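Visitor: So that we are looking at the same thing, I have put the structure below in structure tokens.
The values are calculated or read from the model by the stated rules, or taken from the named source; none is laboratory data. The structure presented is a predicted model; accordingly, all values stated were derived computationally and were not measured. FYI the Cβ positions are ideal-geometry reconstructions off the backbone, even for glycines, and counts take in every protein chain you see.
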Amino acid sequence: MPTEAITDPRTFTDPAALHGLLARIRKEDPLPFIAADDYAPFWLVSSHSDILEVERNSAQFINAPRQALLPLSYERQARAAAGGVETAAIMRNLILMDGEEHKAYRQITQSYFTPKGLESLIGDIEQLATEFISRMDQSEGEIDFAQVAMAFPLRVVMTMLGVPPADEPMMLRLTQQTLSSQDPEFQKEGGARAAMLQMYSYFQKIIADLRATPNDTLASVISNARIDGELLADRDVFGYFNITATAGHDTTSYAITSGMLAFLENPDELAKLRTDPALMPLAVEEILRWTTPVKHFCRTAVNDCVVAGKAIKAGDLLLLSFPSGSFDDAIYEDPFTFRIDRRPNRHLAFGTGPHVCLGQYLARFELASFFRELLDKVEHIELAGTPRFVEGSFVGGVKHLPVRYRLKPAA
Ligand code: HEM
């Protein structure tokens, strides 16, 4: 497989092929310059240590102006479909901010997302895990496990954003059309940008209502936040809603579905966790490493510099390959073995540095609650068909997972 295949969304539907390609890149030339047809040329940062170096040096490698690598033709079409309106006119989010501005905007919700800040939500999240696992409602049956796994993090994050359950199917669609817009199943006329515009209109009413009547939800914190005494501009408030709705949902769902597949392919590891539930925190880290749902983010070099012996020029684009870092054998012993008691486990699923995932503690908590509930209620679970992966190079994982299950007899 040629190195340029890393830009091809189809490569991500076959984890063995993807990891074969990334392992070869790490071995032969860990920082190749890739000029693929219809893509902006970029440096592929594949080793764990180089990803850390680039992410931590955030003055030299900035997030603006490009968060992800998509085909140039696709970007042009989406812009035309949106009547030439630039994304930045409608939305600015944390991912695209740098330096002091990024710090100030992140500060708005930083304490909400700490383990302490999330404490008051723990009971609700556990209850939701119970509710969604109970969708496996036959004593024995078959189900697309994605229907269970997708709906759970969606409800968690939509509740935080003040979206009622009746609107969740629409929001699910819009978030998938935004983050997984390369997959034919999730495409929308007008592309990801059309999905974003629809989401923009939707959130305006919620924002207006919460400004009139604040409450203690995340949505209210964002809607009423002030920087230098001023309420945030519309595009910044929406940017916060949009990043939380998208980054806070599909990522966690794919960690759950792909993590479930890892257990189905490694039943001894599931048995180990059943026998010793205290392993759950380590198991969650291994699920995150193994699934690494965010496949890349981009950075742009500010000055000429050298990374891994390569001369990078000011303005060059770098693509951080998180799955590559999470399977780097310079860091991990037997990276291709799924081992729920792996320790240490410094995976890159959440990135690192100033932009490290804001929702990391929430995601960990959701994963632990979900799998704890699964082990509590389900006696046996096995594959009942072929899993299907998202076609996309940005965010993805297993999107359909047919399983056969048997519940524990009711106590
Ligand atoms: C398994 C689930 C998740 C994964 C794998 C994941 C992964 C990531 C990654 C890789 C980044 C970029 C880090 C970097 O540039 O170094 C990120 C940023 C972010 N994530 Fe997550 N995420 C997850 C869940 C969540 C949740 C549940 C939320 C919120 C409800 C969330 C909100 C955010 C936000 C707001 C950012 C931008 C932070 C910034 O730029 O300062 N994520 N996430």
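Visitor: Only one of PRO323, PRO281, PRO335, PRO267 is modelled with pLDDT of 95 or more and more than 24 Å from the chain's Cα centre (by Cα); which?
Guide: PRO267
Visitor: Any residue in the stretch 107-119 that's under 16 Å from VAL156 (Cβ atoms): show its pairings with residues that are outside any helix (DSSP H, G or I) at Cβ separation under 7 Å, as long as the two are six or more apart or on different chains.
Guide: Hits for this filter: THR109/LEU358; PHE113/LEU358; PHE113/GLY359; GLY117/SER111.
Visitor: Please indicate, with yes or no, whether at least one residue in the stretch 290-304 is modelled with pLDDT of 95 or more, closer than 19 Å to ASP29 by Cβ and not basic (Lys, Arg).
Guide: yes
Visitor: Another question, if that's okay. Tell me, yes or no, whether the stretch 363-372 has at least one residue that is among the acidic types (Asp, Glu), in contact with an Asp or Glu (Cβ under 8 Å, 6 or more places away or on another chain) and crowded, with 16+ Cβ neighbours inside 10 Å.
Guide: No - not one qualifying residue is present in the stretch 363-372.
Visitor: Among the residues of the stretch 226-237, is any within 16 Å of the ligand (Cβ to nearest atom), more than 24 Å from the chain's Cα centre (by Cα) and hydrophobic (A, V, I, L, M, F, W, C)?
Guide: Scanning the stretch 226-237, I find at least one residue that is within 16 Å of the ligand (Cβ to nearest atom), more than 24 Å from the chain's Cα centre (by Cα) and hydrophobic (A, V, I, L, M, F, W, C), so the answer is yes.
Visitor: Name every residue in the stretch 334-366 that is within 12 Å of ARG289 (Cβ to Cβ) and either within 11 Å of the ligand (Cβ to nearest atom) or part of a helix (DSSP H, G or I) (or both), in order of residue number.
Guide: HIS347, LEU348, ALA349, PHE350
Visitor: Do any helices (runs of 4 or more DSSP H) entirely within the stretch 224-314 hold 1 or more residues that are touching a strand residue (DSSP E or B) at 6+ places or on another chain (Cβ under 6 Å) and aliphatic (A, V, I, L, M), and if so, which?
Guide: Counting at least 1 such residues, we get 250-265.
Visitor: Further, regarding this structure: Within the stretch 336-351, track down each residue that is under 26 Å from PRO9 (Cβ atoms) and surrounded by fewer than 17 Cβ atoms within 10 Å (Cβ to Cβ).
Guide: PHE336
Visitor: In the list ALA195, ALA166, ALA212, which residue meets the criterion of being away from the ligand (no atom under 16 Å from the Cβ), hydrophobic (A, V, I, L, M, F, W, C) and under 19 Å from the mean Cα position of the chain (by Cα)?
Guide: ALA195
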